[in-house]
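Reading through the structure tokens given below for one structure.
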Amino acid sequence: MTTVRAHTKRPRSRHPHDDAPDTAEDFRRLSQMPDGPEKDALRQRVVSAWIPMAERLARQFRNRGESIEDLQQVAALGLVKAVMRYDPDRGTAFESFAVPTVVGEVKRHFRDHMWGLHVPRRVQELRNRVRVAYRELSTTLDGRGPSIREVAEHTGMSEEDVLLGMEALDSFTPLSLDAELPGSEDGYALVDTLGKAEPGFDRIVDREAIKPKLSRLPERERQILYMRFFCDMTQSRIAEQLGISQMHVSRLISRTCATLCDQVMADAN
């Protein structure tokens, strides 16, 4: 008796870039065409053909605090850069060049635009390693959170770097200045701890800047400014004491103040 063995045909697995169109001939034409409207139109058609792949790559980063529409726009920008920079003469398939370019553009978007605080790139990388380690260790530690030492051993990082990465975990979404401080019962918020600009500092700076200029003024101009701004005398009373007209006093005050201002601004520049 002959036994017939049935062969079950396994479904063919999809290539990770099955949405990659065949644009090899278009790229060869682009490399040979001079700049102009015809080349721009062909480049635009190539970009449109590869958009499905860029959108698929963008979807890999969903649920990270950014809308999928914005991620797809960023991925499309990376795709345009890849099409502009690709050189078919190097013998590399376009998808091998485009994928890291698009993914890099999306990651750069997260690094540069999604942080509430400016965090150095090294600290961002430490944060990501700590976050991944917490997720992996939490499944094997009976529900308890891993200790700093356990995270360090799991990642091969130093405990100092683990602490630095932990501090950066909250930098992605920083605490609002209006948030009430822990233990506060009277609504005392973080903004209440911030200092305010002291207007007196500006007056001190201005006074120290003008002091040497005042000492070099002629005696009459220096006396007039003293009587007007320090003794709070009116222009008519100053004129009576000096035996000159009020109009003359007014012109002297205006001219002297303008000269002092010009001298101080010249020193500042």
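The values are calculated or read from the model by the stated rules, or taken from the named source; none is laboratory data. The structure displayed is predicted, hence computed values, not measured ones. Using ideal geometry, Cβ is built from the backbone for each residue, glycine included, and neighbour counts are taken over all protein chains shown. Heads up: the accessible areas ignore ligands, DNA and RNA and are worked out on the full protein's heavy atoms, side chains in. Shrake-Rupley method; radii C 1.70, N 1.55, O 1.52, S 1.80 Å.
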With all protein chains present and a 1.4 Å probe, the order of Phe97, Phe27 from largest accessible area down is Phe97, Phe27
Under the 7 Å Cα-to-Cβ spin-label approximation, Glu125 and Arg216 lie apart by a distance in nanometres of 5.5 nm
Share of accessible surface on carbon and sulfur in the chain, whole %, 1.4 Å probe and ligands ignored, is 51 percent
Sorting His248, His109 on solvent-accessible surface, 1.4 Å probe, most exposed first, gives His248, His109
Here the gain from full extension of Asp112 to Val205, 0.36 nm per residue of separation minus their alpha-carbon distance, amounts to 29.7 nm
Note to self: with every protein chain in place and a 1.4 Å probe, segment 220-262 gives an accessible area per residue in Å² of 66 Å²
Under Stokes-Einstein, the chain at 10 °C and 1.306 mPa s, with its Kirkwood radius over C-alpha pairs, diffuses with a coefficient in µm²/s of 58 µm²/s
Stretched fully, the stretch from Leu194 through Ala41 gains (0.36 nm per residue minus C-alpha distance, one decimal, in nm) 49.5 nm
Ignoring ligands and nucleic acids, Glu125 exposes an accessible area, probe 1.4 Å, in Å² to the nearest 10, of 90 Å²
Per principal axis, largest first, the Cα atoms of segment 155-269 extend in Å by 86, 38, 18
Ranked output for segments 259-268, 195-204, 159-168 by mean other Cβ atoms within 10 Å, highest leading, reads 159-168, 259-268, 195-204
Most fluctuating of Arg222, Arg121, Arg108 in the GNM of the chain (C-alpha, under 10 Å) is Arg222
